[in-house]
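*Asks:* Once you've had a glance at the structure underneath, I'll fire off some questions.
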Amino acid sequence: MTEVRLQTQALSRRFGALVAVRNIDFKLAAGARHALIGPNGAGKTTFINLLTGVLPPTRGRVLLGDRDITGLAQAERVKLGIARTFQINRLFRGLSVLENVCIAIAERVGAARSMFYPAGKRTDIIDEAMQLLQTLALADAARLRVSELPYGRQRLVELAIAIALRPTVLLLDEPAAGVPSAESHIILDAVERLPEDIAVLIIEHDMDVVFRFARRVTVMVGGALFAEGTPREIESNPQVREVYLGQAPYRAAHV
Amino acid sequence: MSVAASPADDAAAAAPIENPAARALMRRHRVHGWEALPWLAGIAFYFAFPDYLSFGCDLLVTILFALSLDLALGYAGIITLGHAAFFGAGAYAVGMLATYNIWTEPITGLLLAALVAGVIGFLSGMVLLRTRGLTLLMLTLCTMALLEQAANMAAAYTGGFDGLPSLPIGPVFGVFAFNPLYADTQYLFALSVLFVCFVFMRTLVYSAFGQSLTGIRENILRMHAIGSPVRRRVLICYTISAAMAGVAGGLWAQTNAYVNLSALGLDRAATVLIVLILGGYGRLYGAFIGAVVYLALEHFLAQIYPTAWQLGLGILLVFIALFARGGILGLAEALWRRYSGKLSRRLRAERAAP
Amino acid sequence: MNAVAEIAGIVLGGLAAGTVLFIVSVGLSVTMGLMGFVNLAHGAFAMFGGYIIVLTMNRAQYGFPAALALGFFGTAALSVVLERFLYRRLYRAGELDQVLFTIGLIFIFIAGTTIVVGSEAQSLQLPPSLSGQLNLGIVHYRTYSIFLIVIGFLIALGIWLTFERTRIGGQIRATVDNRRMAESLGINVDRLFTITFAFGSGMAAIGGGLGAEFLGLDPQYPLAYLVYFLIAVSVGGLGSVIGVYYAALILGVLNFVLTLYMPKGGTIFIYALTILILLARPRGLSGGKEQ
């Protein structure tokens, strides 16, 4: 087993009477390609929110490497290398694609503190942003406002912002959600081309994507871990098939 | 790269970044020729309308006040109904220091006004800015009402409802005295103050800090998710905005040589909001356009047909909210885009970046 | 005896004013809770209705109940028209546009009223049955104030029962709680909003009419009391009838006391208290909808 990059110990979160995340022990290896699957309402997004510090856990710990980050705020965790995308786009819609990425880079390198130095003179930032956009085939849209892009390309910007933070752990919450299936391969290609050393955890409903991309799969049901293994193990696990994969109508509805 | 550089951009081709988007971003902070226009107009006004210089002072003060609001509202997206609190704080700081002959020098007086308003902005912002939406609206509104009532209560020092008349304001640089009957010195002083504050703010909004403020306005949750210390940024911005509003208030007190409760009422807060949105917020020059249009209309209409002015203003606001959210400048930009739509797609794409 | 009478007088006077505040504000609370729409022009509906009520009584010699009914339905009808054609366009817009739009509406109402009726204040002639003094045992107090307090209590009770016991009330509560969820359950939120908006505006009209006797009624009304309506709603909690009722009554009594004993700047304590409450409980005393 390779080095563990991010892990949780007995992580739980309740909302009133509802236990959204129940006692989860989870390990994400360095350089992992790990998928998190489970039916709607299984607590996957809540789990991501606990990892990123959007929500405090009711119980349990989150460790990045050896460091306990349970008490750290979201912004501090980002500085330590945890980045994420959202299931529903959270972009600077009125700004250009290039600015969206520049804002993220400026924040990462600490330039955003400087109040009197023109952002336009930080050519290093702009340069880096352009190169990133080029690798994602977004360079031609760099000057467009995000709101002017088709949704599929907006999802790419969502990904670009996360990558711009140079994370060591990247949490992708249904990166292709809402994208017409004809275009979703663009996003998935980009996900596949992510640098090898980033540990990637992806929430995804499309099983074809999961089995193509992931080297490890975790199944969550009812807020708890249900099963974990290689894609092949998960696919052949009869219990998983029963609660999840076997539900043909469910799968059809999300593909 | 899929975008070809146009022939006119040969000079930039040597730069490491060849994309027009990158070039636009790298040039955005540079001063354009047309940006001299407002200042030339301001100087021309001095010579062309010598009888309207006190109106001119009001105009300059309103522009400065609207600019300060633009920083908080237009850039950081802090929706406040109580910005007159800081205008009033600055005005009363200058007014009380002058009345009791503690401090009458105008330039340092404005710095003190900025300090007082900035401190109030910082302290109130520290607690208020945690909230959003209606709660924030209410809290800013109540903070302003609180200051207004405090000024009303402390009538022994503030003059209460009647205010402090005939403020003794010292000469600028010890040389240029304010003329109580003819506002020529006041006008030039106000124009200079506005210029300095504008340059300051322009620098600020084109910095990476300013860029991060627009990020907060556009999507605060995303800013958290990229590791931005959002709360601190917003507080810094709010404090600077408050200090600038304080300068505007102090300038108002100096140029009028009086202070009264109208400096911090809902009327003034609503008016500056209207001025800014009329011109177009988040655009630097919206404050200029809005103030000129609003005050000119008010000056000529409100005295003759006060009710018609109010009716017209109401209809205008409804129209802007429904159809022209970018204000006059936004409307102009939309028209410009529509006409330029006949040009190639690439050109349109180039203008899309703000 | 004298002190008791004085205290009772203050409390009753304050409660009467608070009752009017409640009747005007309750609709605002519910519509804001439902749609998150920052409607600063709510007071304009109160003024509009108040004018209908006062003018029909003074000029057309309508009885008080008939005038109130006319004010209610006239204002509700106007509000439906405005909601369908104007408000509706701004549901998804930002608060800023909503603020601007409703300030614009206030100006239009103020100017319109000035043009049509004139800028002078209107006074309400109470019917003889309500204009005397009532013997309450310890004190004699104005019949009208007692009448207001009782009516206000009945209205609060009625609306509360509607919320708790009827289908439409359940739908409103569900929608205030979680609009998306309500929509996915098949609640027609648009229609629900139109209905509550009309009803809330009608209630505001009644409040405007009932309060005209001591709050006065002139074209500046929507601006003059705007802050009070907003305080009642935000302190009480969006979408909460009981919360607004309590907040309005407390505000009424507090304001009565302060203006009596500290005419200069006494209201400062109201603002301070509002700030403290909102800082401690940003969603108001009753909790209510997360913003």
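None of the figures in this text is laboratory data; all of them are computed from the coordinates on show. The structure displayed is predicted, hence computed values, not measured ones. Here the Cβ positions follow ideal geometry from the backbone for every residue, glycine too, while neighbour counts run over all protein chains shown.
*Asks:* Return the FRET efficiency for the residue pair A:ASN23, B:ALA177: r is the Cβ-Cβ distance, R0 is 60 Å, and the value is rounded to the nearest 0.05.
*Replies:* 0.15
*Asks:* Under the rule of at least 5 residues apart or a separate chain, name every residue whose amide H is placed under 5 Å from the amide H of A:MET220.
*Replies:* A:ILE37, A:GLY38, A:PHE226
*Asks:* I've got another one for you. Hey, what do the phi angles of the range C:9-17 turn into as Karplus ³J(HN,Hα) couplings, whole Hz, using 6.51/-1.76/1.60 and θ = phi - 60°, x for Gly and Pro?
*Replies:* Result, ordered by residue: x, 5, 4, 5, x, x, 5, 4, 5 Hz.
*Asks:* For chain C, what is the mean residue ellipticity at 222 nm derived from helices alone (per DSSP H run of n ≥ 4: -39500 (n - 2.57); sum divided by total residues; nearest 500 deg cm²/dmol)?
*Replies:* Helices in chain C give a 222 nm mean residue ellipticity of -24500 deg cm²/dmol.
*Asks:* Using alpha carbon centroids, what distance separates the range B:18-36 and the range B:168-192, in Å?
*Replies:* 37 Å
*Asks:* What FRET efficiency comes out for C:GLU164 versus C:LEU86 if R0 is 41 angstrom and r is the Cβ-Cβ distance? Round to the nearest 0.05.
*Replies:* That gives a FRET efficiency of 0.80.
*Asks:* Continuing with the same structure: Stretched out fully, how many nm does the piece from C:MET181 to C:ALA60 gain, at 0.36 nm a residue minus the Cα gap?
*Replies:* 38.7 nm
*Asks:* List every residue whose amide H lies under 5 Å from the amide H of C:PHE37, counting only residues 5 or more places away in sequence or on a different chain, with H placed 1.01 Å from N in the peptide plane.
*Replies:* Sorted by chain and number, the residues that satisfy this come to none at all.
*Asks:* Shifting gears a bit: Can you tell me how much longer the chain between C:GLN125 and C:PHE269 gets when fully stretched, taken as 0.36 nm per residue apart minus their C-alpha distance, in nm with one decimal?
*Replies:* Here the answer is 48.5 nm.
*Asks:* While we're on this one: Just to confirm the number: angle between the C-alpha axis of helix C:42-58 and the first principal axis of chain C, 0 to 90 degrees, nearest 10?
*Replies:* Value to nearest ten degrees: 50.
*Asks:* For every other residue with a beta carbon closer than 12 angstrom to the beta carbon of B:CYS237, add +1 if it is Lys or Arg and -1 if Asp or Glu, then tell me the sum.
*Replies:* So the environment of B:CYS237 carries a net charge of +3.
*Asks:* Residue by residue through the range C:111-127, what is 3J(HN,Hα) from phi via Karplus (6.51 cos²θ - 1.76 cosθ + 1.60, θ = phi - 60°)? Round to whole Hz and write x for glycine and proline.
*Replies:* 5, x, 5, 4, 5, 6, 9, x, 8, 6, 6, 9, 10, 8, 8, 5, x
*Asks:* List the longest stretch of chain A that has no exposed loop site; here a site is one of the GluC sites (Glu not before Pro) assigned by DSSP to anything other than H, G, I, E or B, with at most 10 other Cβ within 10 Å.
*Replies:* A:4-195
*Asks:* Need one number: % antiparallel among DSSP beta bridges in the protein assembly as shown, to the nearest 5.
*Replies:* Bridges in the protein assembly as shown that DSSP calls antiparallel: roughly 65 percent.
*Asks:* Would you list which aspartates and glutamates come within 14 Å of A:LYS121, measuring only between C-alpha atoms, while excluding same-chain residues fewer than 8 positions from it?
*Replies:* Output for A:LYS121: A:GLU99.
*Asks:* For n ≥ 4 DSSP H runs only, could you compute -39500 (n - 2.57) per run for chain A, divide by its residues and tell me the 222 nm figure to the nearest 500?
*Replies:* -10000 deg cm²/dmol
*Asks:* Follow-up. Sum -39500 (n - 2.57) across every DSSP H segment of at least 4 residues in chain B, then divide by the residue count to get the 222 nm mean residue ellipticity, nearest 500.
*Replies:* -21500 deg cm²/dmol
*Asks:* So, in Å, what gap is there between the alpha-carbon centers of the range B:38-73 and the range C:1-53?
*Replies:* What the calculation gives is 42 Å, centre to centre.
*Asks:* To the nearest 10 degrees, how steeply does helix B:84-99 sit against the main Cα axis of chain B, on a 0 to 90 scale?
*Replies:* Tilt of helix B:84-99: around 40 degrees.
*Asks:* Now a separate question. Within chain C, what's the longest stretch lacking GluC sites (Glu not before Pro) that sit in DSSP loops with no more than 11 other Cβ atoms inside 10 Å?
*Replies:* My reading of the result: C:121-289 is the longest stretch.
*Asks:* Quick check: Cα centre of the range A:57-102 to Cα centre of the range C:127-187, how many Å?
*Replies:* 47 Å
*Asks:* Sequence-distant or interchain residues sharing an amide H contact under 5 Å with A:ALA176, placed H: which?
*Replies:* Hits under the 5 Å cutoff: none.
*Asks:* What is the antiparallel percent of DSSP beta bridges lying wholly in the range A:4-254, to the nearest 5?
*Replies:* Restricted to the range A:4-254, the bridges split so that about 55 percent are antiparallel.
*Asks:* On to the next question. Give me the inter-chain shielding for C:48-57: mean count of other chain Cβ atoms within 10 Å, whole number please.
*Replies:* Rounded to a whole number, the mean comes out at 0.
*Asks:* Could you give me the ³J(HN,Hα) list for the range C:259-268, computed from phi with Karplus coefficients 6.51, -1.76, 1.60 and θ = phi - 60°, whole Hz, x at Gly and Pro?
*Replies:* Result, rounded to whole Hz: 5, 6, 9, 10, x, 9, x, x, 5, 3.
*Asks:* Could you list the chymotrypsin sites (Phe, Trp or Tyr not before Pro) in the range C:182-267 that lie in coil according to DSSP, counting only those with at most 10 other Cβ atoms within 10 Å of their Cβ?
*Replies:* Answer by residue number: there is no such site.
*Asks:* Also, I was wondering about something else. Taking 7 Å along the Cα-to-C-beta vector as the label spot, tell me the A:SER147-C:GLU6 distance in nanometres, rounded to one decimal.
*Replies:* Calculated label separation equals 6.0 nm.
*Asks:* Further question on the same structure: Restricting to Cα pairs below 8 Å that are 6+ residues apart, what does the relative contact order work out to for chain C? Please round to a whole percent.
*Replies:* Relative CO of chain C lands at 38 percent.
*Asks:* Which FRET efficiency, nearest 0.05, do A:LEU80 and A:ASP208 yield, Cβ-Cβ r, R0 22 Å?
*Replies:* It comes out at approximately 0.10.
*Asks:* Please list, or write none, the aspartates and glutamates whose alpha carbon is within less than 13 Å of the alpha carbon of A:LYS44, excluding same-chain residues fewer than 8 places away.
*Replies:* List returned: A:ASP173, A:GLU174, A:GLU204.
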